[in-house]
Amino acid sequence: MADGPVMKSLEKDGGIVIRDDWPGYCLDLFTYPERYSGDLECVYIPHGVIMDRTERLARNIMDDLGDHDIVVLCVLKGGFQFCADLVECIKALNRNSNKSLPMRVDFIRLKSYLNDQSTPDLHIVGAEDLSVLSGKNVLVVEAIVDTGKTMKALLSHVEAFKPKMIKVAGLLVKRVPNGSGCQPDYVGFEIPNRFVVGYALDYNEYFRDLNHICVISESGKQKYKV
């Protein structure tokens, strides 16, 4: 629909594109923790839509990588919910498909944000354990990619361990100026340059417990600023 919030990308996994002028859904239509009253502008992507798109990504990953053993590398903390749901969808397909995608899951933690700004310092926790990736097919699962600089640095680090193949699944890709062009192979949604929280995405460790992806309000930013 011309007046709807989204349009489908032409690429297979380019993601569902959310327009710059999409205002989101009214908060009154959804449930969320009362303690966040006044801290949010809108529900940007409802939980059910996230789950439907995650299932589609799982099917695409199965089509591409089925019958290959893979190591799923979950990027913490923001990626844990997306990774958990994506893995569950792949497991369900393994039970009901003529293809199989044997998996093991490992974790790495990145920290590059302070308040709502990305910092030039990328801290990688768990990097010393990545020798397990040597010679393996790796699926990096990340919640959000904006400038792409963090993802580019992570992939460079992972490549040093000589995996057989690397694919990236990103739930969200932001349209930002001066991006590095580092795009995931599988994209859930392409969104405008707005700071979003929920579904394990945080603002200074708050809002991870929201089911929906929401836009934080300016008062919410000030309330939880460090």
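Ordered by 1.4 Å accessible area with all protein chains kept, M165, M62 run largest first as M165, M62. Ordering of 27-35, 201-209 by packing is 201-209, 27-35, highest average first (other Cβ atoms within 10 Å, averaged per residue).
Assuming R0 = 30 Å, can you tell me the calculated FRET efficiency for the pair N60 and R19, based on Cβ-Cβ distance, to the nearest 0.05? Result of the calculation: an efficiency of 0.80. The string of couplings for region 34-40 from the Karplus curve (6.51, -1.76, 1.60, θ = phi - 60°) is 4, 5, 9, 4, x, 9, 10 Hz, one whole number per residue in order, with x for Gly and Pro. Residues in the chain average 50 Å² of solvent-accessible surface per residue, probe 1.4 Å, ligands and nucleic acids excluded.
Measuring r between the beta carbons of K99 and K164 and using R0 = 25 Å, the FRET efficiency lands at 0.85.
Quantify, in whole percent, the carbon and sulfur part of the accessible surface of the chain (1.4 Å probe; protein heavy atoms only).
After summing per-atom areas, the C and S share lands at 51 percent.
Taking all protein chains together and a 1.4 Å probe, the residues V75, V49 rank V49, V75 from largest to smallest accessible area.
Extension gain, S131 to D28: 0.36 nm times the residue separation minus the Cα-Cα distance gives 32.3 nm.
With contributions of -39500 (n - 2.57) from each DSSP H run of at least four residues, the per-residue ellipticity at 222 nm computed over the chain stands at -7500 deg cm²/dmol.
Comparing Q81, I124, W22 along the charge dipole axis of the chain, the residue lying farthest to the positive side is I124, per the Cβ-charge model. Hey, can you grab everything whose amide H is under 5 Å from the amide H of Y206? Only 5+ residues off in sequence or another chain; H modelled, so Pro and N-termini drop out. The answer is none. Each residue of region 16-26 is assigned a 3J(HN,Hα), and the resulting list reads 7, 8, 9, 5, 4, 8, 6, x, x, 9, 4 Hz, derived from the Karplus form 6.51 cos²θ - 1.76 cosθ + 1.60 (θ = phi - 60°), x at Gly and Pro.
Amide H to amide H distances under 5 Å link K167 with V138, L139, V140, where only residues 5 or more positions off or on other chains count and H is placed in the peptide plane.
The values are calculated or read from the model by the stated rules, or taken from the named source; none is laboratory data. Small disclaimer: the values here were computed from a predicted structure and weren't measured. So basically every Cβ, Gly included, is an ideal-geometry build from the backbone, and we count neighbours across all protein chains shown. What goes into the accessible areas is simple: the full protein's heavy atoms, side chains included, and nothing from ligands, DNA or RNA. Shrake-Rupley method; radii C 1.70, N 1.55, O 1.52, S 1.80 Å.
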